[in-house]
Amino acid sequence: MEKLDKIDIYLNRTNLEEKIYGISYVFDRVLRLDYSIKFHEFDSYKIYKDGSEVLDIVNEVLSKDSGYERIGVNWERARDNLPFFGSYNYTNGCFDLDIFGSIFYFLSHQHLRILLRDSHDRECLSDEMIFALRRPFLNYYIEQFIIVLGSAINVPLKTEYKGHFNITIDVDHMSSIPNFSKYFKESAKDLLLHKDPLTCLQRLFSYLSLTRDPHDIVKWSKSLSKKYRAELIYFLHKPIGLSKYDRSWVGNSHILQSLLTSNVELGTHPSYYSSNSEITLYSELKAIKEMILAQGTKSFKNRHHFLRYRRETSWKVLESLGFSSDFSIGFSGLIGFPSGICWSYSYWRQDVRRATTIDQFDVTIMDRTVLASKVCSATVKDVISESKKFRGDITFVGHNCLLSRRKEKRKLLKYLSHYYG
Ligand SMILES: [Zn+2]
């Protein structure tokens, strides 16, 4: 850690934990600098070096007496200050954007409409946010702030973040052929809907135990992760109670055997309704954890099925079970940066008003979204290059059932090839 003597950050005590969350993101996680926090009755945040003020940062979002409701109102007004629709101002030692408040606001998901939910009872993105989703605008803010701070204190500063390309696969279907009716249905879909006789034939051979189940994409995904030097993580689904959104568990399937013996990283994928109850979520996570413990997994990763997390239960339970990271935040119909950032962060737990110990990786691109042709190739390219600008993360989400057909694999490869573009 670089030692910068006598960097003091002065702030008032209103919404203190929230402010420190934003400050520590920049100073501990991004810059890894030594600093101290002091208190004062200033409205703004002030930065002092060697006993004199070097930078004054506007305190708009988390200002005096502002509750979270008011932050929402401020966001509506602050919209024009996004780098893409205007810009921040830097004049006479004043940074005219509440950088720490903005970090708190977006990373804690105050921009999601908690009361307004979609058909799967998930929190929705405010309409006005959708247009900003394809830009990691917090990265732009932070980058500008670092330049301004560096020049104010006469020390060139740079971020230390090194991003990952995460190829993550949800194993929602343990087998395409658990019984004859399922085999028949899948084969009919291969032929009639997808016009894919080769996969249909493979399914028949697999049904006769002569070849690999098309739902087993372990070998293919391993070669994909090698090609992109990406981390490969498989999330296993093992629902306790079945619902129409959860498929039956096939404990002795070839896919499971293939996963448990192929040295790929395994994580947990709790069922559709699990996050409605702390007890159900706890039991499911614990059961999958025990299964993958035997495989030698040491750091536990999670993604909720249907991205159906609950801010009130999910992180509390994940922390209590010692999970290290979560990949559940995203919107299945949209690609981009759901929290306005391309770097991982620690999620905010409102019940205890502190950051969690869990590393949050937001979902950037999902197979379902691009394969349904809701998103054009240029958009995928744009999102990937935005993340690369900041050496950020890209988290791709695939499903073993969806990528079981050759055509879908080929289509997807075309999109992912933008990574080298
Ligand atoms: Zn799933």
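Within the range 152-166, list the residues whose amide N lies under 19 Å from a label point set 7 Å along Cα→Cβ of residue 94. From the range 152-166, the list is 152-153.
So if each residue of separation counts as 0.36 nm, and I subtract the Cα-Cα distance between residue 35 and residue 243, what length gain in nm does that give?
On the way: separation 208, 0.36 × 208 = 74.88 nm, distance 5.08 nm.
The residue 35-residue 243 span can extend by a further 69.8 nm.
Using a simple spin-label model with pseudo-atoms 7 Å out from Cα toward Cβ, residue 407 and residue 368 lie 2.0 nm apart.
Taking the chain on its own, what percent of its Cα-Cα pair distances exceed 29 Å? Display every interim value, and only then the final one.
Details: 43154 of 88410 pairs.
Tail fraction, whole percent: 49.
Note on the chain: helix-only mean residue ellipticity at 222 nm, from DSSP H runs of 4+ residues weighted -39500 (n - 2.57) and normalised by residue number, equals -10000 deg cm²/dmol.
Taking the Cα centre of the chain as origin, work out the dipole magnitude from +1 charges on Lys and Arg Cβ and -1 charges on Asp and Glu Cβ, in debye rounded to 20.
Working: 59 positive and 50 negative charges, 427 e Å.
Here the size comes out at about 2040 debye.
Please state, to two decimals, what the Cα-based radius of gyration of the range 296-382 comes to when divided by 2.2 N^0.38 Å (N = residues). List each step's numbers first, then the result.
Values: Rg = 14.4 Å, N = 87, 2.2 N^0.38 = 12.0 Å.
Compared with the compact-globule rule of thumb, the range 296-382 sits at 1.20.
For residue 37, nonlocal amide neighbours, meaning residues 5 or more places apart or on other chains whose placed amide H falls under 5 Å from its own, are 9.
The fewest-to-most ranking of 268, 357 by surrounding Cβ atoms within 10 Å reads 357, 268.
Kindly identify the range 244-400 as rounded, prolate or oblate by the Cα gyration tensor criterion: order the square roots of the eigenvalues as a ≥ b ≥ c, call it rounded if a/c is under 1.5, otherwise compare a/b with b/c, prolate if a/b is larger, else oblate.
Details: a/c = 1.65, a/b = 1.23, b/c = 1.33.
Taking the square roots of the gyration eigenvalues as a ≥ b ≥ c, the range 244-400 is oblate.
Ranked by Cβ crowding within 10 angstrom, fewest neighbours first, how are 386, 53 ordered?
Working: 386 21, 53 14.
Going from sparsest to densest Cβ surroundings: 53, 386.
When the Cα atoms of the range 164-296 are aligned to their principal axes, the ranges along those axes come out at 44, 37, 24 Å in descending order. A prolate overall shape is assigned to the range 167-240, the ratio a/c of its alpha-carbon gyration tensor axes (a ≥ b ≥ c) being 1.5 or greater and a/b exceeding b/c.
Taking amide hydrogens as placed 1.01 Å from N in the peptide plane, the amide H of residue 165 sits under 5 Å from those of 231, 394, each at least 5 positions away in sequence or on another chain.
In what sequence do 405, 303 fall when counting other Cβ within 10 Å, fewest first?
Working: 405 22, 303 27.
Fewest-to-most ranking of 405, 303: 405, 303.
Readers should treat all values here as calculations from the given coordinates under stated rules, not as data from a laboratory. Remember, predicted model here, so these are calculated numbers, not experimental data. So basically every Cβ, Gly included, is an ideal-geometry build from the backbone, and we count neighbours across all protein chains shown.
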